[in-house]
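Just so it is clear, none of the values below were taken in a lab; they were calculated from the coordinates. Everything numeric here is computed off the predicted structure, so don't read it as measured data. Quick reminder, even Gly has a Cβ in these numbers, built from the backbone with ideal geometry, and neighbours come from all protein chains shown.
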Amino acid sequence: MVLTTLRKIIRAMDIRSRHLARTVGLTVPQLVVLKEVASLGEVAIGRLAENVSLSQATVTDIVDRLETRGLVQRNRGQDDRRKVLLTITEAGAQLCDESPTILQEEFVEAFEGLAEWEQTQILSALQRVAAMMKAEKLPAGLMASSAALTGESIDGIGDTGTEES
């Protein structure tokens, strides 16, 4: 029963990730990075990487793809020309406004609606499951599909790398 439930969770993540890729043309990590740039305004890649819990190299790869699509742009800092800052473009802002919510956003909202004891109980049980699956030392990264976890492409729109990208 536990393994069946885990498969259902993974399947739900896959379905939502594929839907996002088909409707928006972005992977979950790409949309998370884009939304974070939108919320922060002008931001350095290092800070962006910290905020989304991914390595700077992974975020750089994602930003390269977003920039190629005209969704973000790199600008030199006004005060320090060596500093490169990201901003969202008009097309990127429009895509953020029109994109569906990400599964993790819905999950966080529902989780925060639970009583504190329920949150603690769920966290404890999931930590135990992660330990039983010898997954507690894996980098967490972003919640995405199992394809993103393995670096596979989602409907031909994929990111590769050692982390979810």
Ranked output for segments 23-35, 61-73 by mean other Cβ atoms within 10 Å, highest leading, reads 23-35, 61-73
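Could you give the length gained on full extension between F111 and Q73, defined as 0.36 nm per residue of separation minus the Cα-Cα distance, in nm? Please report the intermediate quantities before stating the final value.
Details: separation 38, 0.36 × 38 = 13.68 nm, distance 3.42 nm.
That pair, F111 and Q73, stretches by 10.3 nm at full extension.
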Span from the the range 51-65 Cα centroid across to the the range 6-35 one, whole angstrom: 17
Unit charges on C-beta of K, R, D, E only; dipole of the range 2-150, Debye: 680
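Could you list D97, D14 so that the one with the fewest beta carbons within 10 Å of its beta carbon is first and the one with the most is last? Intermediate values should be presented prior to the final figure.
Details: D97 8, D14 16.
Lowest to highest Cβ neighbour count: D97, D14.
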Give me the one-decimal nm value for the distance between modelled label points at I10 and K137, 7 Å along each residue's Cα-to-Cβ direction. 2.1
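Using the count of nearby Cβ atoms within 10 Å as a rough guide to exposure, how do E50, E36 rank from fewest to most? Walk me through the numbers before you get to the answer.
On the way: E50 12, E36 19.
Placing the least packed residue first, the sequence is E50, E36.
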